[in-house]
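Working notes for the structure below.
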Amino acid sequence: MGRRYRTLRGFRDILPGETEHWQAFEQRCRELFARYGFREIRPPLVEPTELFVRSVGEQTDIVGKEMFTFGEGDESMTLRPEVTASVCRAYIEHGLDRRGAGRLWYLGPCFRRERPQKGRYRQFHQVGMEVFGEREPATDLEALALALDVVRAAGIDDARLVVNSIGDEACRPAYRARLVAFLEQVADRLGEDSRRRLHTNPLRVLDSKDEQEQALFAEAPRITDALCDACRAHHDAVRDGLARLGIPYEEDPRLVRGLDYYVRTTFEVRATRGLGAQNAVLGGGRYDGLVRALGGPDVPGLGWAAGIERLLLAGGVLDEPAAARLDVYVVTLGASPPETLALVQALRAEGLAAGWDPGGHGLGGQMKRAGRSGARFAVLLGDDERARGTSTIKDLASGEQFEGPGDPGAIAALVRSRISGEGAAT
Ligand code: ATP
Ligand code: MG
């Protein structure tokens, strides 16, 4: 016996029963983004390592310890741990600003070498958006509304939107100095990671997942008390807008993105069901300096990303596996397999999902397979039906059986009207 292989730790198969739920969610995302005027972009999964070092930041966990990197020096490449960097790179590389393509969305796998837990994997999927060239708070507001639409599309009804502002280059330096002074006072009670970050990336210290540290930070100076007039006005406009749109939200002055080109609005959506500690389903913010930092034009940007595994877990979407689904299963007597397949193909050409038994079993064997196939109807063709130019149609849910047409187009029309009648009735 050969060795039996298994997926690597932190990697998962998405199996039939689950893929149908993914497809349905992805379809709802496509529709939502289209309604908001966003167009899809599909960057490659591998990028130059340097792109992530520059954009995500050297001091982050992602770049510091979570990247899957191959090759050396100039050849060094990395499986994308997130997609914003790739979208910015593509935006600059193809001059999308000149093509008026400033609203982009994406969906696909990301890779991080993390310790796997529920809702935390080494390959996971993000759906997200970026908008370039829009500076006004109304854009932040619209992005938040879209974020909540996507979260709801995953069936999540306990979502909490948390917002903050982290200021800009005018007000953040002074705040950072006050924060460092505060953190130095409590440094002996901070963990190793936080002590190290205290000087490299002090805002990020506030993002610690350690509960004892979080208790200390209750006394920390708040960025929202230190905003300059322009940032204050922007933040107030976002909050007023949320109130006007009737979108409930909470404020959390500890919600930060610890990188210099992140400015003003930051946000997160948290859900509780099915997730435990991994309760952040979506995160994002404004990054007006990023495109420029990556060598592009001086255009503002804003984006968010949601983890699809977490969305579907929190929405309960995966609680029930999706059943196999066929419209019809063709059962024949006295027909050769190619003759049966010809009818099956004619029904498929009419748009029906059709199954059959290529194994040449008798009536009983074919009916058993029809039952297992998840088909709504069996279409039976024997000598009688062939002689009369009809078929016998059996509703596999109710057991009801009746005479149907022999022509594939007419069979398809009948089956479709039956199925849509059920749809209307429920
Ligand atoms: P966390 O604090 O849970 O580690 P994060 O701050 O690293 O999240 P982001 O980089 O903002 O997350 O990524 C956006 C979203 O992607 C997260 O809100 C989450 O839903 C999802 N996500 C991030 N890392 C993973 C992972 N390892 N497995 C599954 N989903 C993930
Ligand atoms: Mg993380």
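The values are calculated or read from the model by the stated rules, or taken from the named source; none is laboratory data. Quick caveat, the model's predicted, so the values are computed rather than measured. Cβ atoms come from the backbone with ideal geometry, glycine included; neighbour counts cover every protein chain shown. Only protein heavy atoms, including side chains, enter the accessible area calculation; ligands, DNA and RNA are left aside. Shrake-Rupley method; radii C 1.70, N 1.55, O 1.52, S 1.80 Å.
So how far apart, in nm, are the two label points at Arg3 and Phe68 if each is 7 Å from Cα heading toward Cβ?
Modelled inter-label distance: 1.8 nm.
For the stretch 326-425, with only Lys/Arg (+1) and Asp/Glu (-1) charged at the beta-carbon, what is the dipole magnitude about the Cα centre, in debye rounded to 20? Show your work: numbers first, answer last.
Numbers: 10 positive and 12 negative charges, 57 e Å.
Dipole of the stretch 326-425, to the nearest 20 debye: 280 debye.
So how do Tyr329, Tyr5, Tyr36 rank on accessible area, 1.4 Å probe, biggest first, that is with the largest at the start?
On the way: Tyr329 15, Tyr5 175, Tyr36 50 Å².
Accessible-area ranking of Tyr329, Tyr5, Tyr36, largest first: Tyr5, Tyr36, Tyr329.
Below 8 Å between Cα atoms, with a sequence gap of 6+, how large is the relative contact order for the stretch 326-425 in percent? Mind dumping the intermediate values first?
Numbers: 154 pairs, mean separation 28.4, N = 100.
Once divided by the residue count of the stretch 326-425, the mean separation gives 28 percent.
From the square roots a ≥ b ≥ c of the eigenvalues of the alpha-carbon gyration tensor of the stretch 33-139, which class results: rounded (a/c under 1.5), prolate (a/b over b/c), or oblate? Spell out each step's value before the answer.
Details: a/c = 2.09, a/b = 1.50, b/c = 1.39.
Prolate is the answer for the stretch 33-139, as a/c is 1.5 or above and a/b outweighs b/c.
When ligands, DNA and RNA are left out and all protein chains stay put, how many square angstrom of accessible area per residue does the stretch 326-425 have with a 1.4 Å probe?
On the way: 4860 Å² over 100 residues.
Result: 49 Å² per residue.
Looking at the chain, how many pairs of lysines come closer than 21 Å at the Cα, when each pair is eight or more places apart or spans two chains?
Details: Lys65/Lys118; Lys65/Lys209; Lys118/Lys209; Lys368/Lys394.
The result is 4.
Compute the Rg to Rh ratio over the stretch 79-225 from the alpha carbon atoms, using the Kirkwood formula for Rh, and round to two decimal places.
Details: Rg = 18.7 Å, Rh = 18.6 Å.
Computed over Cα atoms, the ratio is 1.00.
Using θ = phi - 60° and the Karplus curve 6.51 cos²θ - 1.76 cosθ + 1.60, what whole-Hz ³J(HN,Hα) does each residue of the stretch 406-412 get, with Gly and Pro shown as x?
Residue by residue, the stretch 406-412 yields x, 6, x, x, 6, 4, 4 Hz.
Choose one answer from Arg112, Arg310, Arg292: the residue with the largest mean-square fluctuation in a GNM of the chain with alpha-carbon springs under 10 Å.
Per the Cα network of the chain with a 10 Å cutoff, Arg292 tops the list.
Using label points projected 7 Å from each Cα along Cα→Cβ, tell me how many nm separate Arg28 and Ala215, to one decimal.
4.0 nm
In whole Hz and in residue order, list the ³J(HN,Hα) couplings for the stretch 214-220 that follow from phi through the Karplus curve 6.51 cos²θ - 1.76 cosθ + 1.60, θ = phi - 60°; x for Gly and Pro.
4, 4, 4, 6, 4, 8, 5
For the stretch 164-174, what does the Karplus curve 6.51 cos²θ - 1.76 cosθ + 1.60, with θ = phi - 60°, yield as ³J(HN,Hα) per residue in whole Hz, taken in order and with x for Gly and Pro?
Once rounded to whole Hz, the list reads 7, 10, 10, x, 9, 5, 7, 9, 6, x, 5.
Where in the stretch 355-426 are there GluC sites (Glu not before Pro) that are in a DSSP coil and have at most 12 other Cβ atoms within 10 angstrom of their Cβ?
Loop-located and lightly packed - Glu400.
Determine the distance separating the Cα centre of the stretch 188-247 from the Cα centre of the stretch 11-89; give it in Å without decimals.
Using only Cα atoms to place each centre, the spacing works out to 26 Å.
Regarding the chain, what whole-number volume in Å³ per residue does the convex hull of its Cα atoms give?
Working: hull volume 87.3 nm³, N = 426.
About 205 Å³ per residue, rounded to a whole number.
List the residues whose amide H sits under 5 Å from the amide H of Arg376, counting only those 5 or more places along or on another chain, with H placed 1.01 Å from N in the peptide plane.
Leu326, Asp327, Val328
Give the residue list of trypsin sites (Lys or Arg not before Pro) in the stretch 185-216 that are DSSP loop and have at most 14 other beta-carbon atoms within 10 angstrom. Mind dumping the intermediate values first?
Numbers: sites: Arg189, Arg195, Arg196, Arg197, Arg204, Lys209; in loops: Lys209.
Here the sparse-neighbourhood loop sites are Lys209.
Express the relative contact order of the chain as a whole percentage, based on alpha carbon pairs under 8 Å and six or more residues apart in sequence. Show your work: numbers first, answer last.
Working: 715 pairs, mean separation 63.1, N = 426.
Result for the chain is 15 percent.
Can you put His235, His125, His94 in order of accessible area, largest first, using a 1.4 Å probe? Mind dumping the intermediate values first?
Numbers: His235 5, His125 30, His94 90 Å².
Sorted by accessible area, descending: His94, His125, His235.
Unpartnered cysteines of the chain (Cβ-Cβ under 4.7 Å counts as a partner)?
Cys29, Cys88, Cys110, Cys231
Rounded to a whole number, what % of the accessible area of the chain do carbon and sulfur atoms account for, probe 1.4 Å? Let's see the in-between values first.
Working: 10280 of 21060 Å².
Using a 1.4 Å probe with all protein chains present, the chain comes out at 49 percent carbon and sulfur.
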